[in-house]
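One structure below.
The values are calculated or read from the model by the stated rules, or taken from the named source; none is laboratory data. Model, not experiment: these values are computed from the prediction. Cβ coordinates were reconstructed from backbone atoms using ideal geometry, including for glycine residues, and neighbour counts include every protein chain displayed. With ligands, DNA and RNA removed, areas are computed over all heavy atoms of the protein, side chains included. Shrake-Rupley method; radii C 1.70, N 1.55, O 1.52, S 1.80 Å.
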Amino acid sequence: MVGAAAISEPSGEGIGSNSILSRKRQLSSSDGAKRDAKKRSTMLMDLEILDCPICYEAFTIPIFQCDNGHLACASCCPKLNNKCPACALPVGHNRCRAMESVLESILIPCPNAKFGCSKNVSYGKESTHEKECMFSQCSCPALDCSYTGSYNDLYTHYVTTHSGMELYQLHKFNCDISFTVRMNISEKILIRTEYLTNHLFAVQCFREPYGVYVTVSCIAPSAPGLRQFSYDLSDTVDGHTVIYKSPEVKRVLKLNFQTPQENIMLIPNSLLRGEMLEMRICVKKLNQE
């Protein structure tokens with residue numbers, strides 16, 4: 001019996017200590033889950049109060065408050081004639097430093113986290129970051145196509161889905177070398193691809209009462225690491241030439257079919273000959289340090 005007790009007692013202690021450790025791990029895991037849930041709950045609560053109660057847009061610094069503590073964003077104050085809509089006291093002169101500190105402390109995952117971006121951004125600045133995020137999704141420029149993907153995947157999709165190989169070779173160009181494009185004004189858009197970077201470039205035209213506006217854009221995010229370009233555009237009719245030099249090709253995630261207000265060349269009605277345009281374009285690489 002003594003021998004048996006001597007053998008069974010250490011075994012019992014082992015079982016007991018393992019059991020205690022197991023319970024501790026379970027409690028620790030449970031506490032961790034509760035803490036995570038509390039953090040998520042706090043984050044959700046914070047996000048709910050970080051919007052302006054007047055316009056419901058995300059707060060940006062500066063944030064103002066009246067003497068009663070009612071908040072208003074910098075955009076709303078002038079529209080309200082600096083009068084608090086809740087209590088009629090003046091608003092727009094006193095900053096709410098506490099809320100500004102809260103705003104600066106809140107970081108949320110990039111909207112492109114599921115595509116690989118690991119950056120956290122300040123609340124309310126997601127859209128600004130998204131335009132510059134390397135992982136932002138670009139929309140296919142082909143009409144009636146709903147495909148979205150990274151700018152590299154977009155190139156592969158466009159070539160394999162919307163362009164035969166023969167046509168694809170004809171639609172490629174080299175940077176710093178001028179080339180001719182012919183397009184029907186009614187078609188509104190022409191796509192070309194650059195040899196080295198495989199970026200998609202869109203030549204768009206917009207008919208307006210004074211003539212036709214033409215612009216060139218690159219379908220890619222405005223990520224600092226991507227190559228930047230400028231372009232020269234010219235149209236010659238009956239010895240008259242219109243020239244436009246853009247300091248930078250605008251990069252877009254999705255083409256806009258509304259007449260742009262900048263980076264455009266106007267071909268006046270007096271220089272239009274029917275529905276066809278024949279222009280010279282030179283896309284240039286910008287020096288990047």
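With the condition kept exactly as written, say whether any residue in the range 128-135 is at pLDDT below 90 and among the hydroxyl-bearing types (Ser, Thr, Tyr).
The answer is yes, given that some residue of the range 128-135 is at pLDDT below 90 and among the hydroxyl-bearing types (Ser, Thr, Tyr).
Testing SER146 on (1) open to solvent by less than 80 Å² (accessible area, probe 1.4 Å); (2) of a type in the set (S, T, N, Q); (3) at negative phi, one condition comes back false. Which one is that?
Only one criterion is unmet by SER146, namely (1).
For the range 149-177: of the residues being among the aliphatic types (A, V, I, L, M) and modelled with pLDDT of 90 or more, which is surrounded by the most Cβ atoms within 10 Å (Cβ to Cβ)?
From the range 149-177, those among the aliphatic types (A, V, I, L, M) are 154, 159, 165, 167, 170, 177; that's our starting set.
Within this subset, residues satisfying the condition of being modelled with pLDDT of 90 or more are 154, 177.
Working: LEU154: 23, ILE177: 10.
Per the criteria, the residue is LEU154.
Within the range 56-73, which residues are under 13 Å from GLU100 (Cβ atoms) and assigned to a loop (DSSP other than H, G, I, E, B)?
Matches in the range 56-73: PHE59, THR60, ILE61, PRO62.
Restricting the search to the range 251-285, which residues are in a loop (DSSP other than H, G, I, E, B), over 26 Å from the mean Cα position of the chain (by Cα) and surrounded by 14 or more Cβ atoms within 10 Å (Cβ to Cβ)?
LEU272
Go through the range 230-276 and report how many residues are under 13 Å from VAL203 (Cβ atoms) and in contact with a helix residue (DSSP H, G or I) (Cβ under 6 Å, 6 or more places away or on another chain).
Total meeting the criteria: 0.
Filter the range 253-276 for residues that are within 27 Å of LEU154 (Cα to Cα) and either in contact (Cβ under 8 Å) with a residue 60 or more places away in the chain or aromatic (Phe, Trp, Tyr) (or both) and give the result.
Scanning the range 253-276 gives LEU253, LYS254, LEU255, PHE257.
Can you spot a residue in the range 225-248 that is within 24 Å of the chain's Cα centre (by Cα), under 23 Å from GLN261 (Cβ atoms) and acidic (Asp, Glu)?
First pass over the range 225-248, keeping only residues within 24 Å of the chain's Cα centre (by Cα): 225-231, 246-248.
In the following step, the residues that additionally are under 23 Å from GLN261 (Cβ atoms) were identified as 228-231, 246-248.
Adding the requirement that they be acidic (Asp, Glu) leaves 248.
Yes.
So TYR213 clears everything in (1) touching a Phe, Trp or Tyr at 6+ places or on another chain (Cβ under 6 Å); (2) at positive phi except one condition, right? Which one?
Looking at each condition in turn, TYR213 falls short on (2).
Considering only the range 54-86, how many residues are touching a Leu at 6+ places or on another chain (Cβ under 7 Å), at pLDDT below 90 and open to solvent by 60 Å² or more (accessible area, probe 1.4 Å)?
So the answer is 1.
Taking LEU190 as meeting all but one of (1) of a type outside the set (Phe, Trp, Tyr); (2) free of Cβ contacts under 8 Å to residues at least 40 places away in the same chain; (3) buried (at least 16 other Cβ atoms within 10 Å of the Cβ); (4) assigned to a loop (DSSP other than H, G, I, E, B), write down the number of the exception.
(4)
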